[in-house]
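Only one structure is covered here, and it is reproduced in the block below.
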């Protein structure tokens, strides 16, 4: 256990996570509307689009147009997602995004084969190619990421040793290219983690790599995301990916199951209530969560947008007393 | 912090919580169907009905018929809820329920006035009346309960001192009547708690009353219930109220907001994954959660019924490997 962090960095991934999974077509204009609204909440890191094969992810066929259309706010980093060099080249070509150089591995080979059609060995080789491309474009590479670090629907449990092997591979790739990895993101891509797994995996990585800043990417498919974030905080993890409204997930099987990322405003609510700063205006964020619901046209799983924050109630009850 | 409990007792409150809030009429037959299905899951404590004023809670106008109709399973305790002596007398008259003698206070007077039309002083006096009634009927009184122990939508934050005052009042009432309170239930009735509040309140109560077994009643209105239960486990709390499917709540404002109790199967999922026993068959419970959804006719907020348990996936992946 560590002291809880005083400040938590939240990387908003709602637009990218959300629009890749929605069945109904969502107009480019409304995607831009969501990004522009998020820019006004105090969030300083917003993942705006996914530069993936439009045949596989039709919801992001308009990634270039979305990025061209939003109004950047000074001080906010706008990022994109890619899975290969073609996607990275598109993201760079926008001229508008903060390109986050990463070495990204996946702890389950079965998932890697399904998601990216690569073996473990293919993926290490692919990372070498990405590193070359980052370097050619003068992009700093200071981040490692491990997908499926807590379990896999196709491979089952993922051992702590497997995760440590992946971290070592990232570090070896970094050494090979004279890079220093400063941040490592651990993703519970398929929502296998409980708080004890967060202790186990984060603890093991931190013991071996005490200087690495750790980040968590938590999915809420089994309702554990907020509890897992709390366990992360207890382990001193100060960076979280999150999705406004719980975008990317939905409580109905008809929409593909509650597969979404941890809900940004529910996480911010917990953090603020525990005295941890985020730089985010919760009330504005709750308005954006309701906007996100309006844009996708169906209820999103976040709770506080319906239950209401406590600051408002505290003011009301104080006035009434 | 304490060692996590090896076994957790779950008191299922889904039928009572759920049917009191649903807008559409639900037939007596289907209420009985849910209770009978819950009896087959390994749950050993099921709250079946609410004996309250049918004018205020029309969903429970058929409480007597529901209790008359279910098939009791040996080893399962079936309970009811009441708020006054009239309700208690109806519950006793069924001849079929385990009558749990309790001294029940509320930490917010404003909520007490709205919910039960009583002042603090009225409520202490009312408890004396209930104790007399329990004693006349030979019912053991070993449980205390404090509603709104973590905050109140009408009064704001509730201080630790206020909760300790309430516990002392319960203990004084017990002394006055030669009773020994063995279990104390703390209810986050309006979902104000974060995990740190659980540490704060549970810690303060445990320090003053180390021999009391503690129970938590957690609402998920702001998405904190599972994280709060995890904090409770860390503090050694081994008894939780819960509602199958998250009955009593709904993710849509149209259904009154996500006001439900913590979802039983999501809690059981976390407990089993952490190696804590409950005596409950999770797969059977997931089937009952889907049945509950069918009975109320709209999606319920529980996650694992959609996301699926991991035991099934572990078997599939083992077979595939």
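Measuring label to label, 7 Å along Cα→Cβ, what does residue A:133 give against each other copy in nm, shortest first?
Values, ascending and in nm: 7.2.
So how far apart, in nm, are the two label points at residue A:183 and residue A:135 if each is 7 Å from Cα heading toward Cβ?
2.3
Taking the DSSP beta bridges in the protein assembly as shown as the whole, what percent of them are antiparallel, to the nearest 5? Show your work: numbers first, answer last.
Working: 4 of 64 bridges.
Antiparallel bridges make up about 5 percent of those DSSP assigns within the protein assembly as shown.
Treat each spin label as a single point 7 Å out from the Cα along the C-beta direction, and report the residue B:77 to residue A:277 distance in nm.
4.9
Largest first and in whole Å, what are the equivalent-ellipsoid semi-axes of chain B based on the Cα gyration tensor, each being the root of 5 times an eigenvalue?
Working: eigenvalues 174, 115, 72 Å².
One finds semi-axes of 29, 24, 19 Å for chain B.
So for the range A:9-320: antiparallel DSSP bridges make up what percent, rounded to the nearest 5?
Details: 2 of 31 bridges.
Bridges in the range A:9-320 are about 5 percent antiparallel.
For chain B, what does -39500 (n - 2.57) per DSSP helix run (n ≥ 4), summed and divided by total residues, give at 222 nm, in deg cm²/dmol to the nearest 500?
Computed ellipticity for chain B at 222 nm equals -13500 deg cm²/dmol.
Only bridges whose two residues both fall in the range A:145-280 count here: according to DSSP, what percent of them are antiparallel, nearest 5?
Numbers: 2 of 13 bridges.
The answer is about 15 percent antiparallel.
So for each of B:156-162, A:34-40, A:220-226 I average, over its residues, the number of other beta carbons within 10 Å; can you give me the resulting order with the highest mean first? Before the final figure, lay out each step's value.
Numbers: B:156-162: 15.7, A:34-40: 21.1, A:220-226: 29.1.
Highest mean packing first, the order is A:220-226, A:34-40, B:156-162.
Which three extents, in angstrom, do the Cα atoms of the range B:1-74 have along their principal axes, listed largest first?
The principal-axis extents, from largest down, are 46, 29, 18 Å.
Considering the alpha-carbon set of the protein assembly as shown alone, what are its Rg and its Dmax in angstrom?
25.6, 86
What is the minimum Cβ-to-axis distance for chain B, in whole Å, where the axis maps B onto A, and to which residue does it belong?
B:227, 2
First measure r as the distance between the Cβ atoms of residue B:207 and residue A:315, then evaluate 1/(1 + (r/R0)^6) with R0 = 30 Å and state the FRET efficiency to the nearest 0.05. Write down the numbers at each step before the final one.
On the way: r = 32 Å, r/R0 = 1.08.
With R0 = 30 Å, the Cβ-Cβ based efficiency is 0.40.
Within a 10 angstrom radius of each residue's Cβ in A:308-315, how many Cβ atoms of other chains show up on average? Whole number is fine.
Values: counts 5, 1, 9, 0, 0, 9, 4, 1.
Shielding by partners across A:308-315 averages 4.
What are the nm distances, shortest first, from residue A:211 to its equivalents in the other copies, labels at 7 Å along Cα→Cβ?
From this label point to the equivalent ones elsewhere in the assembly: 5.6 nm.
Considering only the label points, 7 Å along Cα→Cβ from Cα, what distances in nm to one decimal separate residue A:95 from the same position in each other copy, shortest first?
Those label-point separations list as 8.7 nm.
Where a number appears in this text, it was derived from the coordinates with a stated rule and is not lab data. Treat the numbers as computed from the prediction; the structure is a model and nothing was measured. Don't worry about glycine lacking a Cβ; one is built from the backbone with ideal geometry, like all the others, and counts go over all protein chains shown.
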